[in-house]
Amino acid sequence: MSVITYRQALRETLRAEMHRDEDVFLIGEEIGIFEGSYKITEGLLKEFGERRVRDTPIAEEGFVGTAIGAAMLGLRPVVELMTINFSLLAIDQIVNHAAKIYGMFGGQTSVPMVIRTPGGGGQQLGATHSQNIELFYSFVPGLKVLAPSTPGDAASMLRAAIRDDDPVLFLENLGLYNSKGEVPDDGDQVAEIGRAAVTREGSDITLIGYSRMAVVAQQVAEKLAEDDISVEVVDLRSLRPLDRETIVESVRKTGSAVIAEDDWLTYGIGAEIAATIQEGAFDFLDAPVRRVAMAEVPLPYAKPLETAALPSVDSVITAVKETLNAVGRRVG
Amino acid sequence: MTETLPVTAGVLDERRLLDAYRTMRTIRMFEERVHEEFATGEIPGFVHLYAGEEASATGVCAHLDERDAISSTHRGHGHCIAKGVDVKAMMAEIYGRATGSCHGKGGSMHIADLSKGMLGANGIVGGGPPLICGAALAAKLQNTGGVGVAFFGDGASNQGTTLEAMNLASVWNVPVVFVAENNGYAEATASSWSVAADSIADRAPAFGMPGVTVDGFDFFAVYEAAGEAVERARAGGGPTLIEVEFTRYFGHFEGDQQTYRTDEVARARAERDCLRSFRARVMDSGLLSAERLDEVDREVALLIDRAVAEAKEAPKPTAADLETDVYISY
């Protein structure tokens, strides 16, 4: 085991997969000469050359479509979209092409493509650069959406995404790139796509998150443990396929749930999780399912406003305590 | 117009001329039959017919082989036939049958046959050009010698995807031929209004590639322009934009009242039809006889009859097929 950053885990996995499979190549804006806006692809142009590390003009729909066409003919493109916000410029190619080509053409060809892209607010980048719109893609049959929260998962899930034969949107997070964690040195862990993880066992309440909010959920659980509150943390890891079993099993055990999400509340990922819980664990619930999400505003630039808009350790703790109070367990 | 014939006649021997004629006739009869059958109510959905435009798909695809890929449009039947997609499977697809090219899951607007390098008719205007850039990139990275041809309409020539793909193809120097099929109208909107340039081909220099406008009713003109473009692409000389001008014989879709145009179809059919002019030229020059051509007509008519009969008899997909082929694994 080595302790490395989320960024390093992504980079080393890209390197290893490019060495393993000649058909894997990278496409994106600023990924070659500039080595990536967030330096995920640092050193890769030098190592693999411009045939396999392909800088593009700023033309998201054009180069995402190009990746799809190349994938249809047997290559394994890994696209970097500088942020998920810019995926909106490519959404037709993602939704109307990548997601549909396999089914609509009767199973003739798959689209083994990965789109890597970071979401996330908190960097004072303003409304157009801070969104969490992974829901748009999680909604679409034909796509898979993965959202790792740790360096270890970033490595094993990116490896799985590249080796998977379906199109995968791989959600990273600006706030996680510098986070550190253990990653196995032998470097060949391939995650099972569609599996959530119980990252901390507990008995009082289930706290569910993904990406940055899975990290926040851990912090919440650690803090509440000091107050003798036992929180079980579920890291969704995969938004589609969604691991309904793990969610339901945890809530059946604890009897209550809070969902922490960085996207907007209305129609958000949490709404789907809440529906899943009531379908699978209704009789086990001692309190209404709570959701903690971003304020329903275009994320503002000024720090006090941005901070007020984003869910935090404190806002999640409040929701957990209110939920436990509602079931008659006075936790202050 | 016959003066172009000697240039290409040396390349187009009797067999290839017959092939070209058969392809154009197959497209024409296929489309006219779909037009008739649609009127009976038996064909569902949106159907966009390629009749009148046959020389484009045929003249371009005559230069392509199994290494090459094409992307198409919502008006894609002609491209499919010219690239060698099985006509019976196409007809079955249009009838929504399990024996169709896409097992009844695609329909007229989404017929594809990857085994023929046909990357799909495309229900999204402008959806194809980026895909074909990718196909050409794949050919380049895999050293197959293949080229990609993006067929798109005058409407798609205004879409960002098309312009992005043209720029990308030049920036990466990938082997693509862009074929802008200008039939005068994007649905009901005249291209003379919607294209803010004297021609679509005029846009080519802005993307670092040569552009040419050809008479889309003239198979030989298309064949010659496409030959040069495909050869250049295959040799690593980069992309080309070919604008092909003609008139579609039917409405935007079947059922279109065509209130936006007057007698141009009747005039085009009478004076400029690609099949009529092809026949005249190969017969005048003594290359093919009326009898040989008529024989092709009869064979094609039989094929279309069979395709329709078999499609009508073919099994429909069942609810058990609903969730197949959404993912490779899930």
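Please treat every number below as a calculation from the coordinates, not as lab data. Please read these numbers as outputs of a predicted model, since none were measured by experiment. In this analysis, Cβ positions are derived from the backbone assuming ideal geometry, glycine residues included, and neighbour counts consider all displayed protein chains.
Points worth noting:
- Centre-to-centre separation between the Cα atoms of the stretch A:292-318 and those of the stretch B:28-53: 56 Å.
- The chymotrypsin sites (Phe, Trp or Tyr not before Pro) of the stretch A:1-49 that DSSP puts in a loop, and whose beta carbon has at most 13 other beta carbons within 10 Å, are A:F34.
- Relative to the current alpha-carbon distance between B:K316 and B:A206, full extension at 0.36 nm per residue lengthens the span by 34.8 nm.
- With the helix formula -39500 (n - 2.57) applied to DSSP H stretches of n ≥ 4, chain B reaches a computed 222 nm mean residue ellipticity of -13500 deg cm²/dmol.
- Placing a label point 7 Å from the Cα of A:R252 along the Cα-to-Cβ line, the residues of the stretch A:269-287 whose backbone N sits under 14 Å from it are A:277-285.
- Förster-model FRET efficiency, 25 Å R0, B:T259 and B:D305, C-beta, rounded to 0.05: 0.15
- Cβ-Cβ FRET estimate between A:N325 and A:E42, R0 fixed at 60 Å, reported to 0.05: 0.80
- Placing +1 on each Lys and Arg Cβ and -1 on each Asp and Glu Cβ, with no other charges, gives chain B a dipole about its Cα centre of roughly 500 debye.
- Extension gain, B:E231 back to B:E323 (0.36 nm per residue minus Cα-Cα distance, nm): 28.8 nm
- Taking N as its residue count, the alpha carbon Rg of the protein assembly as shown over 2.2 N^0.38 Å: 1.09
- Near A:M18, once Lys and Arg are set to +1 and Asp and Glu to -1 for all other residues with Cβ below 9 Å from its Cβ, the sum equals -1.
- Taking chymotrypsin sites (Phe, Trp or Tyr not before Pro) across the stretch A:187-270, the ones in a DSSP loop with at most 13 further Cβ atoms lying within 10 angstrom of their Cβ are A:Y267.
- Selection of GluC sites (Glu not before Pro), the stretch B:49-81, meeting DSSP coil and at most 15 other Cβ within 10 Å: B:E66
- Inter-chain neighbour count for B:123-133: the average number of beta-carbon atoms from partner chains within 10 Å of each residue's beta-carbon is 6.
- Within the shell of other residues whose beta carbon sits under 9 angstrom from the beta carbon of A:N173, the net charge comes to -1, with Lys and Arg scored +1 and Asp and Glu -1.
- Volume of the Cα convex hull of the stretch A:197-327, divided per residue and given in Å³: 99 Å³
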